[in-house]
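Novice: Can you read through this structure? Questions will come right after.
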Amino acid sequence: MGVYSEDVFQVLYTTLLTWHHEITRDQWRVLAAAWLGWILDAMDVLMFSFALTSIRAEFQLSAAAAGALAAVPLATSALGGVVFGYWSDRCGRTRAMAWSILLFSVFTALTATSRSVLELVVWRSVVGIGLGGEWAAGSVLVAETWPAQHRAKGIGLMQSGWALGYIAAAALSALLLPRWGWRPLFAAGVLPAFFTWWIRRNLDEPSEWRKAKQAQTEPITVLMRPPLRGRVLLFASLCCSLLFGYWGLFTWIPAYLSSPVAKGGAGLDIVKTSGWIIPMQMGAFFGYVLFGFIADRVGRRAAFLTFVLTTAALIPVYGLLGRNQTVLLMLGPLVGFFGHGYFSSFGVIAAELFPAGARATAQGFCYNAGRGLSAFAPAVIGALADRYGIGAALGVTPVFFLGGAVVMLWLRDGPVPSRP
């Protein structure tokens, strides 16, 4: 028993405390850039979710119409993922990431000038193109730069930026929305544009991409041939299923918490809503990070199924207990942990399914095909909320998480690193 305990302690010590010595300064710099880019991506998306109630009131929108409006950047992000993914394979990861951040930050600021629903649709459409491109370039950059035995950790740490971006959006919304409304919130979205200058000055292209570039392969042609064609279809199906469930759930959680109890919500004010969201996103932060450690230890598939199936079990309980604010506060970190952590798998799976010369194109298409399809999710949940109440409507989303679990069983599992 004593020897076994020492072995377990040694594994935990090696897994959690010593691995970072194997990561170089340049690799940490790449991670920092992709991580900050993902924080900014999340801030943009979630600021709109927090502002949705105010925008609904100003433009007199139904829940279904508001959900459709929230879906606009999700739909156009599919185009952004394909365009920037292809550009990333042809012209470089860092260049594509910098331009995508510049695009969505400038047009987020222009959202503040909207005087009609049509203007909102136009600005948010362009924002979506930039948002789709940022992940396609940034996650591939990390996957190609970090060593294979720590790839899931690197992607997990990058994905944790989404939780911090969510928290930042909640804090900014609590600060600005009650006093000045939604327009100043979006005007502040121009600030990430200055980050692109640092990216272009401080990041080099990964050596794996430079070698693939010399081969002069055409990414789309490569992906249309077996066996990669089948992998594209399966990975796209996985992303479509999970992202539909994710956006159907998390787009409406702020509105669920702030909606009256009579309409199936929790009846919290905007400040309390932010207070309930932040613990959830702290759980998400640890979910993103720890998923990477777990996946590097036990394998991608086992970690993925654990997170997704637990999410499917938690959501109905969370959606039907809106009247009990204490239970919601306690469940929030668990919903955040399991409901976000599996996102750390996408970049790892893509890196291990597709060759470097076509990797960003495949990843950009598959992930953002999911984002594009998930554009319907907020509208679907909004329509159900109008009829059955928002808490009950959220209970539909576990079906899509279960669908993602089924698709994962068909995908090739990544390697499990050798144990120390």
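Novice: Would you call residue 77 open to solvent by 20 Å² or more (accessible area, probe 1.4 Å) and closer than 27 Å to residue 394 by Cβ? If you could, list the steps in order and put the result at the bottom.
Specialist: Numbers: open to solvent by 20 Å² or more (accessible area, probe 1.4 Å): no; closer than 27 Å to residue 394 by Cβ: yes.
Taking the combined requirement at face value, the residue does not satisfy it.
Novice: Which residues, taken from region 274-323, are of a type in the set (Lys, Arg) and assigned to a helix (DSSP H, G or I)? Step through it out loud before you land on a result.
Specialist: Of all residues in region 274-323, those of a type in the set (Lys, Arg) come to 297, 300-301, 323.
Scanning region 274-323 gives 297, 300, 301.
Novice: Name the residue that is surrounded by the most Cβ atoms within 10 Å (Cβ to Cβ), counting only residues in region 331-350 that are more than 12 Å from the chain's Cα centre (by Cα) and closer than 14 Å to residue 411 by Cβ.
Specialist: 349
Novice: For region 113-135, how many residues meet the condition of being among the aliphatic types (A, V, I, L, M) and more than 21 Å from the chain's Cα centre (by Cα)? Steps first, answer last, please.
Specialist: Here is the first cut: in region 113-135, the ones among the aliphatic types (A, V, I, L, M) are 117-118, 120-122, 126-127, 129, 131.
From what is left, the residues that are more than 21 Å from the chain's Cα centre (by Cα) are 117-118, 120-122.
Final tally of qualifying residues: 5.
Novice: Kindly indicate whether residue 210 is open to solvent by 20 Å² or more (accessible area, probe 1.4 Å), among the basic types (Lys, Arg) and over 30 Å from residue 300 (Cα atoms).
Specialist: Values: open to solvent by 20 Å² or more (accessible area, probe 1.4 Å): yes; among the basic types (Lys, Arg): yes; over 30 Å from residue 300 (Cα atoms): no.
Considered against the rule, which asks whether it is open to solvent by 20 Å² or more (accessible area, probe 1.4 Å), among the basic types (Lys, Arg) and over 30 Å from residue 300 (Cα atoms), residue 210 comes out as no.
Novice: Just the residues that are in a loop (DSSP other than H, G, I, E, B), at pLDDT 80 or above and open to solvent by less than 40 Å² (accessible area, probe 1.4 Å), please, taken from region 390-420.
Specialist: Step one: of region 390-420, the residues in a loop (DSSP other than H, G, I, E, B) are 395-397, 409-420.
After this cut, where a residue has to be at pLDDT 80 or above as well, the list is 395-397, 409-411.
If the condition is that a residue be in a loop (DSSP other than H, G, I, E, B), at pLDDT 80 or above and open to solvent by less than 40 Å² (accessible area, probe 1.4 Å), then 395, 397, 411 are the ones that fit.
Novice: While we're looking at this one, here's another question. Can you report the number of residues in region 13-35 which are at pLDDT 85 or above and either assigned to a helix (DSSP H, G or I) or open to solvent by less than 10 Å² (accessible area, probe 1.4 Å) (or both)?
Specialist: We begin by selecting, within region 13-35, every residue at pLDDT 85 or above; these are 23-35.
Keeping just the survivors that are either assigned to a helix (DSSP H, G or I) or open to solvent by less than 10 Å² (accessible area, probe 1.4 Å) (or both) gives 25-35.
Total satisfying the criteria: 11.
Novice: Still on this structure, please answer the following. Among the residues of region 330-353, is any out of contact with any helix residue (DSSP H, G or I) (no Cβ under 7 Å at 6 or more places or on another chain), closer than 27 Å to residue 90 by Cβ, modelled with pLDDT of 85 or more and part of a helix (DSSP H, G or I)? Walk me through it before giving the result.
Specialist: Within region 330-353, the subset out of contact with any helix residue (DSSP H, G or I) (no Cβ under 7 Å at 6 or more places or on another chain) is 330, 352.
Then drop every residue that is not closer than 27 Å to residue 90 by Cβ, which leaves 352.
After this cut, where a residue has to be modelled with pLDDT of 85 or more as well, the list is 352.
Then keep just the ones that are part of a helix (DSSP H, G or I); that gives 352.
Scanning region 330-353 turns up at least one residue that is out of contact with any helix residue (DSSP H, G or I) (no Cβ under 7 Å at 6 or more places or on another chain), closer than 27 Å to residue 90 by Cβ, modelled with pLDDT of 85 or more and part of a helix (DSSP H, G or I).
Novice: When the residues of region 95-122 are filtered to those that are over 13 Å from residue 136 (Cβ atoms) and open to solvent by 60 Å² or more (accessible area, probe 1.4 Å), which remaining residue is modelled with the lowest pLDDT?
Specialist: This residue is 115.
Novice: Another one. If you go through region 20-36 one residue at a time, how many are in contact with a helix residue (DSSP H, G or I) (Cβ under 8 Å, 6 or more places away or on another chain) and within 18 Å of residue 166 (Cα to Cα)? Reasoning before the result, please.
Specialist: At the first step, the residues of region 20-36 found to be in contact with a helix residue (DSSP H, G or I) (Cβ under 8 Å, 6 or more places away or on another chain) are 22-23, 26-27, 29-31, 33-36.
Narrowing the set further to residues that are within 18 Å of residue 166 (Cα to Cα) leaves 33-36.
Adding up the residues that qualify gives 4.
Novice: Restricting to region 373-389, give me the number of residues that are more than 17 Å from residue 335 (Cβ to Cβ), part of a helix (DSSP H, G or I) and in contact (Cβ under 8 Å) with a residue 24 or more places away in the chain.
Specialist: Step one: list which residues in region 373-389 are more than 17 Å from residue 335 (Cβ to Cβ), which gives 373-376, 378-380, 382-389.
Among the residues that remain, those that are also part of a helix (DSSP H, G or I) are: 373, 376, 378-380, 382-388.
Right, trim to in contact (Cβ under 8 Å) with a residue 24 or more places away in the chain and you get 373, 376, 378-380, 382-383, 385-386, 388.
Here the count works out to 10.
The values are calculated or read from the model by the stated rules, or taken from the named source; none is laboratory data. Given the structure is predicted, the values throughout are model-derived calculations rather than measurements. Counting neighbours? That spans all protein chains shown, and the Cβs are built from the backbone with ideal geometry, glycine included. We work out accessible area using only protein heavy atoms, side chains counted, and drop any ligands, DNA or RNA first. Shrake-Rupley method; radii C 1.70, N 1.55, O 1.52, S 1.80 Å.
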